[in-house]
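Please read the structure below before turning to the comments.
Computed from the coordinates by the stated procedures, all read-outs in this text should not be read as laboratory data. Just so we're clear, the structure is a prediction, and the values are computed from it rather than from any experiment. Cβ placement follows ideal geometry from the backbone for every residue including glycine, while neighbour counts extend to all protein chains displayed.
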Amino acid sequence: MKKPGQKIYLIIIMAFLYAPILYLIAYSFNNGKTSVWKGFTWKWYEALFRDAQIMGSLKNTLTIALLAAIIATILGTLAAIGIYNFKGGVRSAIQNISNIPIINPEIVTGVSLMLLFTFAGTMLGFEMGFWTVLLAHIGFCTPYVILNVTPRIRQMDSSLYEAALDLGCSPVKAFFKVVIHELMPGILSGFLISFTYSLDDFVITYFTRGARFQTLPVQIYTMTHQRINPKANALSAIMFVTILTLLIISNIVTSRKDKEAAR
Amino acid sequence: MKRILSLLITCVILFATMAITPVSAETADEAEPKYSGEVNVYNWGEYISPGDDGGLDVIAEFESRYGIKVNYTNFETNEELYNVLVNSNSSYDVIIPSDYMVARLREEGMLLKLDFNNIPNYKNIDDRFRNQDFDPDSEYSVPYSWGFIALVYNTKMIPEGEITGFKDMWNPKYQNSVLMFNNSRDALAIAMQLCDPPIDPGSASFSEEDIDRATDKLIELKDGGSLKKYVMDQVFTEMEGSQAALAPYYAGDIATMMDNNEDLDFVIPEEGSNLFIDSMCIPSCCKNKENAELFINFMCDPEIAAANAEYIYYGTPNTAALELMDEDYRESELVNPPAEFVDKCYKFTNIDDQTYSLMQENFIKACTGRADSGSKVLVMILLGIMIIASLIVVALNIRRGIRNRGRIQKI
Amino acid sequence: MKSKRPSIPYLGWMLVFTIVPLLMVLYYAFTDKAGNFTLKNFVNVSDYSHIFLYSLYVALISTVICLVLAYPLSFFISRCTQRKQSVIIMFLMVPMWMNFLLRVYAWVLILQTNGPLDTLLQIFGIHTTLINNTGAVIVGMVYEFLPFMILPIQSVMSKIDNSLIEAAQDLGCNGLYVFRKVVFPLSVPGIISGVTMVFVPTASTFLVAQYLGGDQLMIGDDIERVFQFNHNTGSAIALVLMVVILGFLVFMNRFGDKEAVGR
């Protein structure tokens, strides 16, 4: 049904979006550091895996992302439930404040947290590092969880919970069996979004990491802002393949479920 | 369900990656010794022999010799080092600042006295480099390298002989192809020499007027069109990739650039330039003092110092190491500049906080230009409109909210 | 379930990690190094007015270009089948998930002097510097944020029922009229969303100008630099940025409300 003009436009835009990444990947196999092709090689990939600093950063990034996402999800889900029970004006005030980390420019959030941690650090005598980064990440992930869970709470029928209580469940059991079950899609998407944002965060991590704690985005900054570094190309290639694979798998799984549902 | 599945797949792949990475790091290092301690070293970038290209991997050598883990990180400027030490409560054991920064840290009580019983290799350090102004009794520092600032240019873009000194950087003939130091001290120092009348960059303090004039000179570099970009380590990519024509930089690094691009050549600036000595010190936040002194001693070992000097190609204050170096090194003008030049050189001294802040503030203005009154007025008007408009909208929303509540109550 | 108590942990968190840091920014902005009240920081901020204007200018142009490129594309995508839409969306998301800095770095490689694009243009006799200027920064920004403009608009447009368009055509409207009266008004919430999601990060971005730009800094880079030696002026700049962005958001919100209600 699509006119050829539309198709061409789509292809042009897609090409624009993918060309730079593909260029990066192509040159990750280049046996030189400039744009002059000097032969095919795997050496940058070897260098990448041997680089303990990069591997360390990767581990840090994954750890922080997982922990931040889990804690933010728990904190955010509970918060969403509680906030929902506030009345009109207070509720919207709280929601607005809770959204501040989302709408504020990242650099302002980063800088404000740096001020907080430096001040607290001198008072309480700790160094910025893993814990400050984790706290900062939880800080900006939780609002996303709340945003994802709240619509579900609105849609949920509160009488289900009371029905469960009437049928003899303890409040805790009712909570898990009814409330959490109903909210699960929102909780999951909140978790995924938190994980993604934490994984890729650079600005806030840059300001709260102190002098030595490295995450992958920060490591990439160190690698790329001084000299041309083909290890970054190799890293891009690996990331690209991983992301593409994950998204394709999730897409296939989703469409298979949809087809089953349609039957 | 579909989300749970994609979530599970994500987690599986991620944990698989996490599980693999420690394995790959270990197998690459083969028999990794168990470390009995660590030492945190904070140094300039590209300032230690890394073992690529056949040289010695100094860090790995230290780790295998003593079984102590080295946590090695880099800083780009002395100012960055200072900010980190002051503002981030980090602990480092060995730092390698330049002369004026050593003076500043020493005067502010941020360095520990060295126990030279633990640094017997100190005997290799040339007398000429001991008891300098920045550490009069040589109690806090051990010289690591010394050098000066020269100019590097691309012979294909600028004919030989056209460049004789820093003043040529301002020549509008070299449109958009000149680089400059991206740090306030080095950039302003060059500008100061070229001011009329010139200001001595080595003096202990500068008046506001001095700094203003130097800043104006730097802005001229931008306005005249010759400035391409303010860079530090990016200068390597720019010059080696033949992307810029002229840049001032540290002599040793120029030698490295020339190695990687045969079109490059150097010029010893006729005005004289900054002569610097970088030294190893132990900051007061140090947590592993013994390991730190061991590391410093190790770096003064003739073979180690020679390996480092060979890689970074800066002058070495270590006489025993000098004897191990080859002819090319000892005769190179970039390592051994002519005496008339050295006489014209100046050394940075420690300046007080306020002056220094002023310099950094002005340097940003040099980088970005001065704001004209038009922009200032425009921004203030914009800000005013934003604030008033926001207040109006908020007021309207509140009014609407009150009206709606009234309407609902009526129903 | 009716209790507000689950939200208490998060409310406390919000206080410490969202409100207090912002109060600290406020505090530092209005005091000098010794802690005395002063308005001098704002006088210093006026020295950076041209950086502000430059950032807003770049952000505006980037946003407009994104909007112009994304709008037709979103429309074309929204007219496809559900299945095709999810595939296209998936391919759009892959570049989004790639690390922000790596994508900017890709453009550094492509636009560098004597790089691929430069060499190609030289064959055609065009000799110009492609990198280290405002154009390169805008290209980088558009590349980064185009998907953020496409997705919200597409999401809103996919809810525009085809039958509405067909009905309008049946009633005798030509293409332009259909667009003006049917498609455009219904797509406004998406446009608002997209513009917000592109303008805010573009105006306050950090590092893109350092990688791709020349001697002109943007306000995000400026804040970081000033923070290195003067927390007070830095906070003042951050505060002004926050006010400008919040003003913009309030304006966008109000504009969105008006359109949605159809006044």
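Before moving on, here are some points about what is shown:
- Kyte-Doolittle mean at least -0.5 and Cα axial length at least 20 Å: DSSP H helices in chain C: C:49-78, C:82-97, C:134-157, C:184-203, C:231-261
- Lysine pairs in chain A whose alpha-carbon atoms fall under 30 angstrom of each other, counting only those eight or more residues apart or on distinct chains, come to 17.
- Per-peptide packing, taken as the mean over residues of other Cβ atoms within 10 Å, places B:176-185, B:200-209 in the sequence B:176-185, B:200-209 from highest down.
- Whole-angstrom gap from the range B:54-132 to the range C:1-33, using each part's C-alpha centre: 40
- At R0 = 22 Å, FRET efficiency that the Cβ-Cβ distance of B:S373 and C:D32 yields, to 0.05: 0.35
- Over chain B, dividing the summed -39,500 (n - 2.57) contributions of all DSSP H runs of at least 4 residues by the number of residues returns a 222 nm mean residue ellipticity of -15000 deg cm²/dmol.
- Computing Rg and the Kirkwood Rh from the Cα coordinates of the range C:30-173 gives a ratio, Rg/Rh, of 1.16.
- Here chain A is assigned +1 on the Cβ of each Lys and Arg and -1 on the Cβ of each Asp and Glu. Its dipole about the Cα centre then comes out at about 820 debye.
- Across chain B, the relative contact order, built from alpha-carbon pairs under 8 Å that are at least six residues apart, equals 24 percent.
- Remark: mean inter-chain Cβ contacts per residue of C:21-30 equal 5, using a 10 Å Cβ-Cβ cutoff to other protein chain atoms.
- Too-long pairs where the Cα-Cα distance tops 21 Å, listed order kept, from B:K287/B:K347; B:K217/B:K365; B:K365/C:K40: B:K287/B:K347
- Overall dimensions of chain C as given by Cα atoms, namely Rg and Dmax in Å: 22.7, 73
- Put simply, the convex hull of the Cα atoms in the range A:44-143 casts, on average, a shadow of 8.7 nm².
- Excluding same-chain neighbours fewer than eight residues apart, the lysines reachable from B:K289 by a Cα-Cα span under 18 Å are B:K69, B:K113.
- Peptide C:224-237 has a mean shielding of 5, counted as Cβ atoms of other protein chains within 10 Å of each residue's Cβ.
- Inverse of mean 1/r across different Cα pairs in the range A:53-252, Kirkwood, Å: 18.9
- Scattering from the protein assembly as shown was approximated by placing one identical point on each alpha carbon and applying the Debye formula without solvent; log10 I(q)/I(0) at 0.05 1/Å stands at -0.33.
- Rounded, prolate or oblate (a/c below 1.5 giving rounded, otherwise prolate when a/b exceeds b/c) for chain B by Cα gyration tensor: oblate
- Spin-label model, A:L165/B:E162: points 7 Å from Cα along the beta carbon direction are separated by 8.6 nm.
- For the range A:201-263 versus the range A:36-105, the inter-centroid distance based on Cα atoms is 12 Å.
- Candidates per GluC sites (Glu not before Pro) in the range A:123-183, loop by DSSP, up to 14 other Cβ within 10 Å: none
- For the residues of C:240-251, the average number of beta carbons from a partner chain within 10 Å of their own beta carbon is 6.
- Computed over chain C, relative contact order equals 29 percent, with contacts defined as Cα pairs under 8 Å that lie 6+ residues apart.
- Peptide packing for C:182-194, A:7-19 was compared via the average number of neighbouring C-beta atoms within 10 Å per residue; ordered from the highest value, the list is C:182-194, A:7-19.
- In the range B:68-195, a dipole from Cβ-located charges (positive for Lys and Arg, negative for Asp and Glu) runs towards its positive end, and of B:N117, B:L105, B:L151 it is B:L151 whose Cα lies farthest in that direction.
- Taken about its Cα centre, the protein assembly as shown carries a charge dipole of about 8080 debye when Lys and Arg each add +1 at the Cβ and Asp and Glu each add -1 at the Cβ.
- Sparse-neighbourhood loop sites, chymotrypsin sites (Phe, Trp or Tyr not before Pro) in the range A:41-85 - DSSP loop, at most 13 other Cβ within 10 angstrom: A:W42
- For chain C, the mean residue ellipticity at 222 nm estimated from helices alone is -24000 deg cm²/dmol, where every DSSP H run of n ≥ 4 contributes -39500 (n - 2.57) and the total is divided by all residues, rounded to the nearest 500.
- Nearest 10 degrees, 0 to 90: helix A:181-200 Cα axis against chain A principal axis: 30
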